[in-house]
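The structure appears below as structure tokens.
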Amino acid sequence: MAFMSGLWNSIVGYNEKEENWNDVSVFYCDKKKKYFSVSEIDKEAVPIVFSESHKISFNKNAFGLSYTPINFLTIYHIDTRKAEVKMPSGHIDKPVIEDNRDGTVSIKYDPREEGVHELLVKYNGEHVQGSPYKFHVDSISSGYVTAYGPGLTSGVSGEPSQFTISTKGAGAGGLSMAVEGPSKAEITCHDNKDGTVAVSYLPTAPGEYKISVRFGDKHIKGSPFVAKVTGEGRKRNQISVGSCSEVTLPGKVNDNDLRSLNASIQAPSGLEEPCFLKRLPSGNIGISFTPREAGQHIVSVKKMGVHIQNSPFNITVQEQEVGDAKKVKVSGTALKEGKTQGENTFTVDTRNAGYGGLSLSIEGPSKAEIQCADNKDGVLAISYKPTEPGYYIVNLKFADHHVEGSPFTVKVVGEGSNRQREKIQRQRDPAPLTEVGTNCKLTFKMPGITSFDLAATVTSPGGVSEDAEIQEVEDGLYAVHFVPKELGVHTVSVKYREIHIPGSPFQFTVGPLRDSGAHLVKAGGAGLERGEAGRVNEFNVWTREAGAGQLAISLEGPSKAEIDFKDRRDGSCDVSYKVDEPGEYRIGLKFNEQHIPDSPFKVYISPAVGDAHLLEVAQFPDSAQVDKPMQFYIRLNGAKGSLDGRVISPSGKTDDCFIQNIDGDQYSVRFMPRENGVHNINVKFNGVHIPASPLRIKVGKDDADPAAVHAHGPGLGSVKTGAKTDLIIDTCNAGAGILAVTMDGPSRVSMDCTEVEEGYKVRYTPLAPGFYYMSIKYNGHHIVGSPFKIEATGENLAEIGAQETSSVTVETVQKVAKSAQKQGPVLPHFKSDATKVTSKGMGLKKAYLNKHNQFTVHAGDAGNNILYVGIYGPKGPCDEVQLKHKGKNNYECWYVVRDRGEYIVIVKWGDDHIPGSPYKVEV
């Protein structure tokens, strides 16, 4: 150091003060560089000094000194790259990652290109939440308006998103901002007095938002920006209260006919939609509808498509009866601010607003409990009780339109419930494509059962049902194997003790997938129904039908969860989780950022089992009968405590079981079933489920089979707003059961269900464009294809707000297909060509008495069909004919004849003779 300093002083002749190395390095080095590469393994930074750098020339105007500086390179255990930047050109660049030593890291990047960049941040090889992040790089100099910040690219609904606008040196001009997206977003601005403006906007629904920033009526560089707002962590609750117009139906209708009637109302503009029939307090039958226009309406009431007596008839709607959301008055501070753990009340006055249904939804960090007090005078007192602080969005609609000020943004303050949340994300690759004739496999995990009680059937698109083979792959993991004979959607039913397992019946597409998305993901297993603290709880997720995408699993409750995931590489996986505290948890399953059907799942985690695992069930019956007592036995095996039993019927009613001590450690559990269907028996010991609980038993003759139910019709395709559309739910040969149809979408739909010959017709009228999801359940199980994704196009006849839900439920009767009164399988639609079948062998020309006369049939190029062989002689059919399939539609055939004479040999491929058939054979 001293030598260098002295050398320099002697060269420049400048020795007024003594320099040290820091002075020299600051004076002469353009840049000091530090290189960082951070891995998942934390190790101390080790500085290394070296001077083998490229030569840098300094002070060219003076002496042209060529000088090699000493560089400091900080090595921070180079292992795996955690971040990278994808530039607009497509090239990959490496940002600098600095560990802040406080649990956070800083990512620094010096951009070299103009345009949209993507920042990918990974931990343990997996993208962190929100990755990849997008940011826009400008190359313009100062004096121009620019914008930057996370709110320009991403956000979470119900939470403020921020960005900054820099106007330094831009001169005079008007600055304007607009946020356009699925919801109204309140914008607030704050002038920082330093040439920048801090902007915050509050999106109230997930989706894509366009953020426009204008200066002097011109878009700034990069505007409009597109921000992707997710609904992560948002909870929603909704209620609807009636305020519909009711008109008495002329004539008398008995209760038996009421179920089979179908009513619709046509407005003066021509808009026709279904309306509802109900028994009025007077005892008469009336129709219930929401008037949308003044004038004469035509009401049609039909039974099995034919007008009943006095139908159609006219009713007149007065101007003051038409529902008008603008005339609804709301009051109360609870629509601006609220408190957790308490009731927040506001009032809604609909007295001067005509007739219309009122719907309320609240979305926020917790699922706020809603209560509604109706004084029957048109004034409603509505209260909500949130459990977590934060921003809540309140949608209030009347007659399908937002009331003035809706949606309301409410800031809720107070103590939270200290619920903890854990989440993992996994990328799901598309499952291997299956073809006709290949071995197809569907796997599921059900620990603690015996494979003898499992049974599986596969129904082809043509309606042919066959038993499928079930193999135990490993302990508790089972696979259903079958070989399809045609392309299309197959139905796979898996039953345990004659009851569908969770998720069954399954959809299994042979050939290319017809659709994809979160609505085709299924989940089921004990871990989605109940769990135990301190132990691993498991459930299955099937993403095969949904295609490729990202599966996100979140668990929220009183304690943090350990979540694990095992991919079975066939479009299915099993998820396990472990929590330390008992209580109520919510398990959310999202596919490509959309909830799958029935998600989030509410799961009660019981305390650690303790002695409950010692108990065992004995003499549990296979079935039971209505109004006949059913009982089984529980052995405590030395456990000390109290035993409790409750039975839950198919309709949801709960009843106590009668428990009696029989002998020492043995108890009997007894109950009286009152209805047919699958009952769940919860048996608890010291308040904790025993290992086999809940026990499931089929009571009576429950022939309802959701696997046999199919839906078809124009109502499952593309539909138009304002136009009634329908679909048929075919319940032939599915037995009697409970049919529940639910529709989620951007608007409520008027929906009804009527009985037709082959099942039930559902009619509905969408009022707003967008995607709707129709769930069709039979006895609590989704039918194959449910939920169905339906796109509505056309004019917006009702204001779009948060997701709206409409549903209808009917108790079905047993139906049999008219074309096949006899029960049994239906032959598939074969595609074959009998002219391409060849046959050869002595048995087609000449035969010998009491010997095997043989010939072969080759149909490998003739498609799929059934081979028929018949032989007829002088005294009738021959004694013995045998066929053997040798694979790939090649057959061996031999026959034995006992009499001499002339025989006819017929060989058919399906309904058609093969070339040469019938054959004439001499014996």
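What the table below lists for this structure:
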{"read-out": "Strands (runs of 3 or more DSSP E) enclosed by region 417-511 - at least 2 residues per element that are surrounded by 19 or more Cβ atoms within 10 Å (Cβ to Cβ) and touching a strand residue (DSSP E or B) at 6+ places or on another chain (Cβ under 6 Å)", "value": "440-445, 454-459, 477-482, 488-496, 506-510"}
{"read-out": "Any chance THR742 is open to solvent by 20 Å² or more (accessible area, probe 1.4 Å), assigned to a strand (DSSP E or B), polar (S, T, N, Q) and closer than 23 Å to LEU261 by Cβ", "value": "yes"}
{"read-out": "Hits in region 344-368 (condition: of a type outside the set (Val, Ile, Thr), without any contact (Cβ under 8 Å) to a residue 40 or more places away in the chain and open to solvent by 10 Å² or more (accessible area, probe 1.4 Å))", "value": "ASP349, ARG351, ASN352"}
{"read-out": "Identity of the residue in region 132-172, under 20 Å from GLU593 (Cα atoms) and assigned to a strand (DSSP E or B), that ends up modelled with the highest pLDDT", "value": "SER161"}
{"read-out": "Which listed residue is in contact with a Phe, Trp or Tyr (Cβ under 9 Å, 6 or more places away or on another chain) and open to solvent by 20 Å² or more (accessible area, probe 1.4 Å), from VAL603, VAL617", "value": "VAL617"}
{"read-out": "Residue in region 527-545 that is in contact with a helix residue (DSSP H, G or I) (Cβ under 9 Å, 6 or more places away or on another chain), of a type in the set (Asp, Glu) and open to solvent by less than 20 Å² (accessible area, probe 1.4 Å) present", "value": "yes"}
{"read-out": "Residues satisfying the stated conditions in region 326-338, i.e. closer than 14 Å to PHE408 by Cβ and either open to solvent by less than 90 Å² (accessible area, probe 1.4 Å) or in contact (Cβ under 8 Å) with a residue 40 or more places away in the chain (or both)", "value": "VAL328, VAL330, SER331, GLY332, ALA334, LEU335, LYS336, GLU337, GLY338"}
{"read-out": "Selection count where residues are open to solvent by 60 Å² or more (accessible area, probe 1.4 Å), touching a helix residue (DSSP H, G or I) at 6+ places or on another chain (Cβ under 9 Å) and within 19 Å of ILE499 (Cβ to Cβ), scope region 651-696", "value": "1"}
{"read-out": "In region 250-278, residue modelled with the highest pLDDT [restricted to those that are open to solvent by 60 Å² or more (accessible area, probe 1.4 Å), over 36 Å from the mean Cα position of the chain (by Cα) and over 15 Å from PRO312 (Cβ atoms)]", "value": "SER269"}
{"read-out": "Output for region 544-561, where each listed residue is closer than 29 Å to PRO430 by Cβ and not in a loop (DSSP other than H, G, I, E, B)", "value": "ARG544, GLU545, ALA546, GLY549, GLN550, LEU551, ALA552, ILE553, SER554, LEU555, ALA561"}
{"read-out": "Pairs where the first residue, in region 292-321, is at positive phi and the second is in a loop (DSSP other than H, G, I, E, B) and among the small types (Gly, Ala, Ser), C-beta under 9 Å, 6+ apart", "value": "GLY295/ALA267; GLY295/SER269; MET304/SER260; ASN310/GLY251"}
{"read-out": "Verdict on GLN854 being polar (S, T, N, Q), over 52 Å from the mean Cα position of the chain (by Cα) and either at pLDDT 90 or above or assigned to a strand (DSSP E or B) (or both)", "value": "yes"}
{"read-out": "So TYR868, is it open to solvent by less than 50 Å² (accessible area, probe 1.4 Å) and hydroxyl-bearing (Ser, Thr, Tyr)", "value": "no"}
{"read-out": "Entirely in region 564-646, the strands (runs of 3 or more DSSP E) that have 2 or more residues that are touching a residue at least 60 places away in the same chain (Cβ under 8 Å) and of a type in the set (Phe, Trp, Tyr)", "value": "601-606"}
{"read-out": "Candidate set from region 894-923 (those that are open to solvent by less than 10 Å² (accessible area, probe 1.4 Å) and over 18 Å from GLU880 (Cα atoms)); member that is farthest from the chain's Cα centre (by Cα)", "value": "ILE914"}
{"read-out": "Matching residues, region 874-904, being under 28 Å from LYS485 (Cα atoms) and either β-branched (Val, Ile, Thr) or free of Cβ contacts under 8 Å to residues at least 40 places away in the same chain (or both)", "value": "VAL881, GLN882, LEU883, LYS884, HIS885, LYS886, GLY887, LYS888, ASN889, ASN890, TYR891, GLU892"}
{"read-out": "Of all residues making up region 369-399, the number that are buried (at least 24 other Cβ atoms within 10 Å of the Cβ) and part of a loop (DSSP other than H, G, I, E, B)", "value": "2"}
{"read-out": "Scan of region 87-121 for residues that are among the β-branched types (Val, Ile, Thr) and exposed (fewer than 14 other Cβ atoms within 10 Å of the Cβ), ordered by number", "value": "ILE92, THR104"}
{"read-out": "Hits in region 842-857 (condition: hydrophobic (A, V, I, L, M, F, W, C), within 20 Å of TYR891 (Cβ to Cβ) and in contact (Cβ under 8 Å) with a residue 24 or more places away in the chain)", "value": "LEU844, ALA847, PHE855, VAL857"}
{"read-out": "Within region 760-806, considering residues that are within 21 Å of the chain's Cα centre (by Cα), closer than 23 Å to PRO182 by Cα and at pLDDT below 85, the one most open to solvent (accessible area, probe 1.4 Å)", "value": "GLN803"}
{"read-out": "Among the residues listed as SER451, SER460, the single one being of a type outside the set (A, V, I, L, M) and closer than 25 Å to TYR778 by Cα", "value": "SER460"}
{"read-out": "Condition broken by ALA178, with the remaining ones in (1) outside any strand (DSSP E or B); (2) over 29 Å from the mean Cα position of the chain (by Cα) satisfied", "value": "(1)"}
{"read-out": "Flag for GLN341 being open to solvent by 50 Å² or more (accessible area, probe 1.4 Å) and either on the phi > 0 side of the Ramachandran plot or without any contact (Cβ under 8 Å) to a residue 12 or more places away in the chain (or both)", "value": "yes"}
{"read-out": "Within region 279-290, considering residues that are under 34 Å from the mean Cα position of the chain (by Cα) and not β-branched (Val, Ile, Thr), the one modelled with the lowest pLDDT", "value": "SER288"}
{"read-out": "Which listed residue is of a type in the set (D, E, K, R), under 28 Å from the mean Cα position of the chain (by Cα) and closer than 30 Å to GLY511 by Cα, from GLU435, GLU466, GLU422", "value": "GLU435"}
{"read-out": "Subset of region 429-479 [closer than 17 Å to CYS573 by Cβ and of a type in the set (Phe, Trp, Tyr)]", "value": "PHE444, TYR478"}
{"read-out": "Long-range neighbours under 6 Å by Cβ, at least six apart or interchain, first residue under 16 Å from LYS441 (Cβ atoms) within region 521-546, second of a type in the set (D, E, K, R)", "value": "ASN540/LYS445; ASN540/ASP574; TRP542/LYS522; THR543/ARG428"}
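The values are calculated or read from the model by the stated rules, or taken from the named source; none is laboratory data. These figures come from a predicted structure and were not determined experimentally. Don't worry about glycine lacking a Cβ; one is built from the backbone with ideal geometry, like all the others, and counts go over all protein chains shown. Heads up: the accessible areas ignore ligands, DNA and RNA and are worked out on the full protein's heavy atoms, side chains in. Shrake-Rupley method; radii C 1.70, N 1.55, O 1.52, S 1.80 Å.
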